[in-house]
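Before any comments, here is the structure.
The values are calculated or read from the model by the stated rules, or taken from the named source; none is laboratory data. Values in this document were obtained by computation on a predicted structure and should not be read as measured data. FYI the Cβ positions are ideal-geometry reconstructions off the backbone, even for glycines, and counts take in every protein chain you see.
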Amino acid sequence: MPELPEVETVRRGLEPAMVGHVITHADVRRPDLRWPLPEGMASRLTGARVLNLRRRSKYILADLSSSESLLIHLGMSGRMVISGEAPGHFFQPIVPMEKHDHVVLDMDGGARITFNDARRFGAMDLVATASADAHPLLVALGPEPLGNVFDETYLVTALRGRKTPIKSALLDQKLVAGLGNIYVCEVLHRAGIAPTRRSDRIAAARVAALVPAIRTVLTEAIAAGGSSLRDHRQANGDLGYFQHSFRVYGRAGQPCLRPGCGGTIRRIVQAGRSTFYCPACQR
Ligand SMILES: [Zn+2]
């Protein structure tokens, strides 16, 4: 499942192909993805100019000149493929439709944006831009981890009285938006906090240290995504994960990468999800 950095990378990849350009043709090739697609979606998109492309948590929002915003969620397997005469970093010649190409947008700049999703856990919706934040998928989301609201005071307060393990707390999208399993493991290793530790039993100073850890891990992953974007000229926009940057995730049995630690990364299961951590330096 793409996490915040991957979604941000896709947003940045789409930006030069979409922003400032008019959707000259929209092809909506099935009535639903995870949920039904909006009524009259193709005609509502056609002729609209994309004014802005922004991200909220793991959602991309294209603000349109029609005063509506196209909300895009990649889900488990959704891909945005850019083809044609697209400006920007990743594109390929226009290719014949593939089986799981569900929504196709032709831009007046010559780019074709194709949403391909084999498993159809992805979603698209059209919502009035002015009330986009009230969309059912967005309304309950907590602050952005890279935004100004999310700071040390906020996190210390939010974790007070929480009896759940810190890993579960950080995965709670109401507490902070967009953190998923992989990057929470990375963040807790960076901060030296055991994923099993009860949230309300972590000293305030250590909780505060989570904030820069979260910002650093996400910022580095976004930067890695940016460099992979440049390497994907030949690829189809499916940027995937930036495996090389993981310090604990998927590294069970391998040595801890914290200088001087000497520990071995362990895998446990919490709430049905894999957790990777170093028992030696995460307390
Ligand atoms: Zn360690």
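A few comments on the model shown:
- For residue 221, the conditions (1) more than 16 Å from the ligand (Cβ to nearest atom); (2) modelled with pLDDT of 95 or more all hold with the exception of (2).
- Per-region count, region 110-130, residues outside any strand (DSSP E or B) and small (Gly, Ala, Ser): 4
- Hits in region 262-283 (condition: within 9 Å of the ligand (Cβ to nearest atom) and more than 14 Å from residue 194 (Cβ to Cβ)): 262, 264
- Only listed residue being of a type in the set (A, V, I, L, M) and either surrounded by fewer than 20 Cβ atoms within 10 Å (Cβ to Cβ) or in the same structural domain as residue 28 (by TED's automatic domain parsing) (or both), chosen from 177, 169, 158: 158
- Filter result for residue 209 (assigned by TED's automatic domain parsing to the domain that holds residue 176 and modelled with pLDDT under 95): no
- If only residues of region 30-77 that are over 25 Å from residue 147 (Cα atoms) and acidic (Asp, Glu) are counted, the one that is modelled with the lowest pLDDT is 32.
- Candidate set from region 170-204 (those that are among the hydroxyl-bearing types (Ser, Thr, Tyr) and either touching a Ser or Thr at 6+ places or on another chain (Cβ under 9 Å) or more than 13 Å from residue 274 (Cα to Cα) (or both)); member that is farthest from the ligand (Cβ to nearest atom): 199
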